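The values are calculated or read from the model by the stated rules, or taken from the named source; none is laboratory data. Computed from a prediction, not measured in an experiment: that's the story for all the values here. Counting neighbours? That spans all protein chains shown, and the Cβs are built from the backbone with ideal geometry, glycine included.
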Amino acid sequence: MNPLFHLIAVSPVVFILYPEIGLINSLFLFVGGWLFDIDHYLYCIFKHKNFSLKDCYNFHSPYAKEKDLLHIFHVIEFYIFIFIIGIFVTPFIYLFLGLMYHQIFDLSKIIYFKIKKDPRLKNARAISLIMWIRRHSPSNSTKLKTL
Ligand SMILES: [Zn+2]
């Protein structure tokens, strides 16, 4: 999803909740709702050794140019990790809520592609870090070769 769209989507929510939840929690909510798409840029840096924001944007837009991408802040293990920290540290619950709000829009785009039977759906990112590691582990590739 477009970072500008996430920014526009989360800003009114933060603005409305700010008087109730305070500055720190609002900042965490804002970061969760918007900033965690930074993992798309991290993917470009680590996978393609490319620091260009423009190249990274073009790589991901209008859809990712590779299959089974690992966006480390968009996996279930990361959400569980943030939620567990949130049990003990209140701002992290707002970070978690921001991430879930962010996911509503990411998932709505995936559902839209699925309904439209859009081929871009095949280039979806990994949902689980553990499953991604299993798919990309050396032992898995040797198993595939022997089949
Ligand atoms: Zn996202």
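Only one of the listed residues (PHE88, PHE92) is exposed (fewer than 12 other Cβ atoms within 10 Å of the Cβ) and at pLDDT 90 or above. That residue is PHE88.
Among the listed residues GLU77, GLU20, identify the single one that is more than 12 Å from the ligand (Cβ to nearest atom), more than 19 Å from ILE127 (Cα to Cα), assigned to a helix (DSSP H, G or I) and of a type in the set (D, E, K, R).
Numbers: GLU77 fails: more than 19 Å from ILE127 (Cα to Cα).
Checking each option against the conditions leaves just GLU20.
Condition check ((1) more than 24 Å from ILE85 (Cβ to Cβ); (2) within 14 Å of the ligand (Cβ to nearest atom); (3) within 17 Å of the chain's Cα centre (by Cα); (4) not basic (Lys, Arg)) across all residues:
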residue	(1), (2), (3), (4)
PHE5	yes, yes, yes, yes
ILE16	yes, no, no, yes
LEU27	no, no, no, yes
VAL31	no, yes, yes, yes
HIS48	yes, no, no, yes
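Might you let me know whether the range 99-106 holds any residue that is among the polar types (S, T, N, Q) and surrounded by fewer than 15 Cβ atoms within 10 Å (Cβ to Cβ)? For the range 99-106, residues among the polar types (S, T, N, Q) and surrounded by fewer than 15 Cβ atoms within 10 Å (Cβ to Cβ): absent. Take the residues in the range 1-54 that are acidic (Asp, Glu) and surrounded by 13 or more Cβ atoms within 10 Å (Cβ to Cβ); name whichever of them is modelled with the highest pLDDT. Here the residue is ASP39.
Does the range 59-70 include one or more residues that are surrounded by 18 or more Cβ atoms within 10 Å (Cβ to Cβ), more than 16 Å from the ligand (Cβ to nearest atom) and touching a residue at least 12 places away in the same chain (Cβ under 8 Å)? Checked the range 59-70: no residue is surrounded by 18 or more Cβ atoms within 10 Å (Cβ to Cβ), more than 16 Å from the ligand (Cβ to nearest atom) and touching a residue at least 12 places away in the same chain (Cβ under 8 Å).
This table checks each residue for (1) closer than 30 Å to ILE21 by Cα; (2) modelled with pLDDT of 85 or more; (3) in contact with a Phe, Trp or Tyr (Cβ under 6 Å, 6 or more places away or on another chain).
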{"residue": "SER108", "(1), (2), (3)": "yes, yes, no"}
{"residue": "ILE115", "(1), (2), (3)": "no, yes, no"}
{"residue": "ASP118", "(1), (2), (3)": "no, no, no"}
{"residue": "ALA126", "(1), (2), (3)": "no, yes, yes"}
{"residue": "ARG134", "(1), (2), (3)": "no, yes, no"}
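Just checking, which of LYS109, LYS117 is outside any loop (DSSP other than H, G, I, E, B) and basic (Lys, Arg)? When all the criteria are applied, what remains is LYS109. The set of residues in the range 33-70 being out of contact with any Leu (no Cβ under 8 Å at 6 or more places or on another chain) and assigned to a loop (DSSP other than H, G, I, E, B) consists of LYS49, ASN50, PHE51, SER52, SER61, PRO62, TYR63, ALA64, LYS65, GLU66, LYS67, ASP68. Filtering the range 84-107 to residues that are among the polar types (S, T, N, Q) and more than 11 Å from the ligand (Cβ to nearest atom) leaves only THR90.
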